[in-house]
Amino acid sequence: MSTHDVLAYAIATEAVARLRAGSAPWNTLFSSNAYITASRTWPVPDFVLVDSINNLNVAAEFKPPKQTKREYLTGLGQAVAYSRDFHYSLLVIPEIADDGYRIADHVVDVMRQAAFNTAPVGVLTYDPALFTPLAPRFREAHFFSARATQPTQLASLDNSFYAKWREMSPQEIFLLLTYCYSEMRPIVASTRNIRDRAFDKLWEDIQAGRVQNWARTPRNAAPSTKEGVKKNYRNFLFHIGWTEADGALTKEGLDAHHVGTLYGAWSRPFLDAIAIATLTAGKHLILFNAISDYQDSIRGSFPDQGLWLDNLELFLESKGLLKRNIARAAAATRGEERGFLKAEKQLWKQLELVQPKGRYVFHPNRGFIFNWSRITDLLQTTP
């Protein structure tokens, strides 16, 4: 799964580069103001390209090499389905299937039929013998025309491609899972969704002093801060694939709840479950790779964490992994202190995904040092 995501996001960054460069055929439909994000509501594409100027989005289904013909035709069905909820969709496939059959030609021939030729579905193809995350070359084998009608209801998009985390301790994560599970079977009908009802129960625990933060001391939160805390907590479980948008547990969420019930919220198995979901469904592994690319590209001295983070943010924006923000870029240029990755780097430290330096994560002249041995071990345990 992680390799799939790394390859998919390599394609995504190359597509953004072509969009921003105004390359044909992208310039026939899209502006050069583009970035990559995610949509975690069903159906869930591998990534979404967003044109901020024209308010258009493109959902993509990426299929890795060495798959069967059936798998690639299934991908075509997925891409077609995305066109109901997104302006356009893309299928990204290799030129040949695992048996050498030229599956890309076959799929393109299907799309060129009269019944599909005007569909808002494109096909990008790549040579599996040459394709790597560092060289994600592809060909626009079949590009879509401007669609005549718009989707009746667009899928919701996230503000970033990776899961945003704010403060939640393992105990709070487990309790919220538990309450979501119990609220999936309400005795009395309610107009409020599962997630909100579950948070109300967690909030009662917080106010009663029954909940601990990461330091294993009581979580202190004034009653007036409820909405702010709720905003910080409400999306993380959804972004790591443990709940649906309304708070109903997914299969992965049920599995995580079982682990927490069996071993405890502060146990190594439950912490590992959080780490795996954060890396994979939460796309933090993609972010780690991008940060590593940034650090490799600098190969120089960056003793100051603030300046390093500012330049990192600009680097991610240049790759399309963050939405372009003129004010944010100006703040970075002025050297203003901001909180980019402030919360996430603390999560990585707690989950032992980075090597700390005392109380901190940043290493002068080195940046972030990721704990790749632990990350590899975690990923090897995923199905």
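The values are calculated or read from the model by the stated rules, or taken from the named source; none is laboratory data. The shown structure was predicted, so the numbers you read here are calculated from the model rather than taken from an experiment. Positions of Cβ are backbone-derived with ideal geometry, glycine not excepted, and every protein chain shown enters the neighbour counts. Calculation scope for accessible area: heavy atoms of the full protein, side chains included, ligands and nucleic acids excluded. Shrake-Rupley method; radii C 1.70, N 1.55, O 1.52, S 1.80 Å.
Looking only at segment 162-200, filter to residues that are without any contact (Cβ under 8 Å) to a residue 24 or more places away in the chain and closer than 21 Å to Phe270 by Cα; which one of those is surrounded by the fewest Cβ atoms within 10 Å (Cβ to Cβ)?
Residue satisfying both the conditions and the ranking: Ser182.
Here are some residues: Thr225, Thr250, Thr243. Which one is surrounded by 19 or more Cβ atoms within 10 Å (Cβ to Cβ), of a type in the set (S, T, N, Q) and either touching a helix residue (DSSP H, G or I) at 6+ places or on another chain (Cβ under 8 Å) or without any contact (Cβ under 8 Å) to a residue 40 or more places away in the chain (or both)?
When all the criteria are applied, what remains is Thr243.
Please work out which one of (1) more than 30 Å from Lys323 (Cα to Cα); (2) among the small types (Gly, Ala, Ser); (3) part of a loop (DSSP other than H, G, I, E, B) is the condition Ala245 fails and give its number.
(1)
Do you know which residues across segment 248-273 are under 19 Å from Glu183 (Cβ atoms), assigned to a helix (DSSP H, G or I) and of a type in the set (A, V, I, L, M)?
Leu254, Ala256
Limited to segment 30-63, what total is found for residues that are at pLDDT 95 or above, out of contact with any Gly (no Cβ under 7 Å at 6 or more places or on another chain) and of a type in the set (A, V, I, L, M, F, W, C)?
Going through segment 30-63 one residue at a time, the tally reaches 10.
Phe236 versus (1) buried (at least 21 other Cβ atoms within 10 Å of the Cβ); (2) touching a Phe, Trp or Tyr at 6+ places or on another chain (Cβ under 8 Å); (3) at pLDDT 95 or above: which is the lone unmet condition?
(3)
Considering only residues that are in a loop (DSSP other than H, G, I, E, B) and in contact with a strand residue (DSSP E or B) (Cβ under 7 Å, 6 or more places away or on another chain), look in segment 40-51 and name the one that is least open to solvent (accessible area, probe 1.4 Å).
That would be Pro45.
If you scan segment 108-130, which residues turn out to be open to solvent by 20 Å² or more (accessible area, probe 1.4 Å) and of a type in the set (Ser, Thr, Tyr)?
Within segment 108-130, just Thr118 meets the criteria.
Within the set of pairs 6 or more residues apart or between chains, which connect a residue that is farther than 16 Å from Ala59 by Cβ inside segment 140-152 to a residue that is aromatic (Phe, Trp, Tyr) and open to solvent by less than 50 Å² (accessible area, probe 1.4 Å) with Cβ atoms less than 9 Å apart?
Sorted first by the residue in segment 140-152, then by its partner, the pairs are Glu140/Trp26.
Of the residues Thr118, Thr152, which single one is closer than 14 Å to Ser89 by Cα and assigned to a loop (DSSP other than H, G, I, E, B)?
The conditions single out Thr118.
Select from segment 131-155 the residues that are of a type in the set (A, V, I, L, M) and at pLDDT below 95 and write down the one among them that is most open to solvent (accessible area, probe 1.4 Å).
Top of the filtered list is Leu134.
Which condition number does Leu7 fail, the rest of (1) crowded, with 21+ Cβ neighbours inside 10 Å; (2) touching a Ser or Thr at 6+ places or on another chain (Cβ under 7 Å); (3) not in a loop (DSSP other than H, G, I, E, B) being met?
Single failed check for Leu7: (2).
All but one of (1) open to solvent by less than 30 Å² (accessible area, probe 1.4 Å); (2) touching a helix residue (DSSP H, G or I) at 6+ places or on another chain (Cβ under 7 Å); (3) within 18 Å of Arg374 (Cβ to Cβ) hold for Asp272; which doesn't?
Of the numbered conditions (1) open to solvent by less than 30 Å² (accessible area, probe 1.4 Å); (2) touching a helix residue (DSSP H, G or I) at 6+ places or on another chain (Cβ under 7 Å); (3) within 18 Å of Arg374 (Cβ to Cβ), the odd one out for Asp272 is (1).
Within segment 142-156, identify whether any single residue is under 30 Å from Arg234 (Cα atoms) and small (Gly, Ala, Ser), and answer yes or no.
Checking segment 142-156: at least one residue is under 30 Å from Arg234 (Cα atoms) and small (Gly, Ala, Ser).
Sort out which residues of segment 261-290 are hydrophobic (A, V, I, L, M, F, W, C) and farther than 20 Å from Phe236 by Cβ, and write them in order of number.
Residues satisfying the conditions are Leu262, Ala290.
Could you list, in sequence order, all residues of segment 72-107 that are crowded, with 16+ Cβ neighbours inside 10 Å and β-branched (Val, Ile, Thr)?
Val80, Val92, Ile93, Ile96, Ile103, Val107
Out of curiosity, is Gly253 in contact with a strand residue (DSSP E or B) (Cβ under 6 Å, 6 or more places away or on another chain), modelled with pLDDT of 95 or more and closer than 25 Å to Ile194 by Cα?
Judged against the criteria, Gly253 is a match.
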